[in-house]
Amino acid sequence: MKLVIFGAGGFIGSNLVDHLIADRTHTVVGMDIADDKLEGIEGPNFTFVKGDVRKSDRLVEELVRDSDVVVDLVAYANPSIYVDTPLDVFELNFLQNLKIVDLCVAHGKRLFQYSTSEVYGKPAGDAYVEDASDLILGPISKQRWIYACSKQLLERIIHAHGLRGDLVHTIVRPFNFVGPRFDYLVPAGATGGPRVFAHFMSALLTGGPMYLVDGGEQHRAFTHIQDCNEAFTILLESPEAKNEIFNIGNPETDISIFDLAALMKDIYRELTGKEADNELRVISGEEFYGSGYEDMDRVAPDISKLSALGWEPKRDLRTTFRDAIAFHLDPKVRASISG
Ligand code: UDP
């Protein structure tokens, strides 16, 4: 198959390209504004096209037309961006993605849309089930929800096309993917910015504080990026995946952010032989992200739908974070810390 991946240069995209081109079954064309995460990822069945989907309508249409499957990963995906520039999030994560949906409809192409676990919002209770859980978002004054809201409306439009019979699609909802090439490092003491792994990793490398937003009692379940790549291959090959939504997550890795700080310190010591004596500093969500932030207490996936297609996450919590930390201990990566 010939796949075009929009957003191929991001964390999920670069790992997916690496995975898909390995066995030479598929041909992959990747488009992105940046290619630094694709360094060293090459093969005769991979072509990279540098460009901004916001400014390249003709090129995007050509790439869709020339492919069998379209994978859409274009998105801002950091809470600090939802708080700082909510309109940019709507513009990119909804309007630009909608253009890609429309092109898939016009040219009869199968669409893989990467959505987010955040569409579930904050329902109380059990693990989130794709076709049954309510999607509950916070008030408009908490602008972080524009991300989940944009992704949710996009899902609803894609679903409606499926009902009308003019689009074959699969929607995936990622639950805190972690691994090599994740996010970016920040200077000691920085707030906002990337997600929790990158903040804690930066602290380990710089000796700065590890911030526990609102005390770190909230939980997340993290998923190794290689498990996510394997899930994609199964979805690509399963006829049952057509016009369906799937959580990709690992319920076994549920951990509080407070405990995650200790776990990452421990893995750092194991890999480097050095003690990590970073201060754990409690900070409010407002102070860390700015006003308009609101958190989710727990983000737990139900994965029975994807498991029924033969997928199980294989990497445990420690392996997931060890692989991500080891990547950043590479001296070349370490040199990229700014400040
Ligand atoms: N968080 C934290 N310290 C940090 C960065 C984030 O305590 O340095 C918290 C954040 O408030 C949230 C959790 O960690 O409760 C996960 O945040 P992240 O941005 O990684 O992802 P998401 O909220 O999208 O799951």
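Distant-in-sequence amide contacts of Val168, defined by a placed amide H-H separation under 5 Å and a gap of 5 or more residues or a different chain, comprise Leu111.
Per-residue Karplus couplings for the stretch 115-120, computed as 6.51 cos²θ - 1.76 cosθ + 1.60 with θ equal to phi - 60°, are listed in order as 9, 7, 5, 5, 4, 5 Hz, Gly and Pro entered as x.
Would you work out what percent of the accessible area of the stretch 225-274, with all protein chains in place, is carbon or sulfur (probe 1.4 Å)? All intermediate terms of the calculation are to be shown ahead of the outcome.
Working: 950 of 1990 Å².
Here it works out to 48 percent.
Overall form of the stretch 80-132: oblate. Here a/c, set by the Cα gyration tensor axes a ≥ b ≥ c, is 1.5 or more, and a/b is not larger than b/c.
Cα gyration tensor of the stretch 266-339, axes a ≥ b ≥ c as square roots of the eigenvalues: rounded (a/c below 1.5), prolate (a/b > b/c) or oblate? List each step's numbers first, then the result.
On the way: a/c = 2.16, a/b = 1.16, b/c = 1.86.
In terms of gyration-tensor shape, oblate.
Its DSSP H runs of at least 4 residues, each contributing -39,500 (n - 2.57), put the calculated 222 nm mean residue ellipticity of the chain at -11000 deg cm²/dmol, to the nearest 500. Taking label points 7 Å from Cα along the Cα-to-Cβ direction, Val168 and Val129 give a separation of 2.9 nm. The charge dipole of the stretch 1-88, taken about the Cα centre with unit charges on the Cβ atoms of Lys, Arg (+1) and Asp, Glu (-1), comes to about 140 debye, rounded to the nearest 20.
Of Ile255, Ile136, Phe197, whose Cα points farthest to the positive end of the dipole of the chain (charges on the beta-carbon: +1 Lys, Arg; -1 Asp, Glu; origin at the Cα centre)? The one lying farthest along the dipole's positive direction is Phe197.
For the stretch 79-164, with all protein chains present and a 1.4 Å probe, just round the carbon and sulfur fraction of the accessible area to a whole percent. Ligands and nucleic acids excluded, carbon and sulfur give 59 percent. Sites listed here are trypsin sites (Lys or Arg not before Pro) in the stretch 10-55 whose DSSP assignment is loop and whose Cβ has at most 14 other Cβ atoms within 10 Å: Arg24.
The C-alpha radius of gyration of the stretch 176-333, expressed as a fraction of 2.2 N^0.38 Å, stands at 1.11.
Among beta bridges from DSSP that stay inside the chain, the antiparallel ones total about 5%. For the stretch 74-163, what class follows from the C-alpha gyration tensor (a ≥ b ≥ c being the square roots of its eigenvalues): rounded when a/c is under 1.5, otherwise prolate if a/b is larger than b/c, else oblate? Oblate.
Averaged per residue, what accessible surface does the chain expose to a 1.4 Å probe, in Å²?
On the way: 14270 Å² over 339 residues.
Roughly 42 Å² per residue, with all protein chains present.
Give the cross-link partners of Lys265 among the lysines, using a straight C-alpha distance below 22 Å as the criterion and excluding same-chain residues fewer than 8 apart. Within reach: Lys274, Lys332. Helix 317-329 and the longest principal axis of the Cα set of the chain meet at an angle near 80°.
Just to check, using Stokes-Einstein with a Kirkwood Rh over alpha carbon pairs, what's the diffusion coefficient of the chain at 20 °C and 1.002 mPa s in µm²/s?
Working: Rh = 20.4 Å.
Approximately 105 µm²/s, per Stokes-Einstein.
Rounded to the nearest whole Hz, the Karplus-based 3J(HN,Hα) values (6.51 cos²θ - 1.76 cosθ + 1.60, θ = phi - 60°) of the stretch 90-105 follow the sequence 4, 4, 7, 6, 10, 4, 5, 5, 4, 4, 5, 4, 4, 5, 5, 5, with x at glycine and proline.
Here the gap between Thr319 and Ile136, fully extended at 0.36 nm per residue and compared with their Cα-Cα distance, gives a gain of 62.6 nm. At q = 0.10, 0.11, 0.13 Å⁻¹ the log10 of I(q)/I(0) for the stretch 1-146 amounts to -0.39, -0.47, -0.65, computed by Debye summation with a single uniform scatterer per C-alpha, solvent ignored.
The values are calculated or read from the model by the stated rules, or taken from the named source; none is laboratory data. Worth saying up front: this structure is predicted, and the values here are computed from it rather than measured. Cβ coordinates were reconstructed from backbone atoms using ideal geometry, including for glycine residues, and neighbour counts include every protein chain displayed. Note: areas computed on protein heavy atoms with side chains; ligands, DNA, RNA excluded. Shrake-Rupley method; radii C 1.70, N 1.55, O 1.52, S 1.80 Å.
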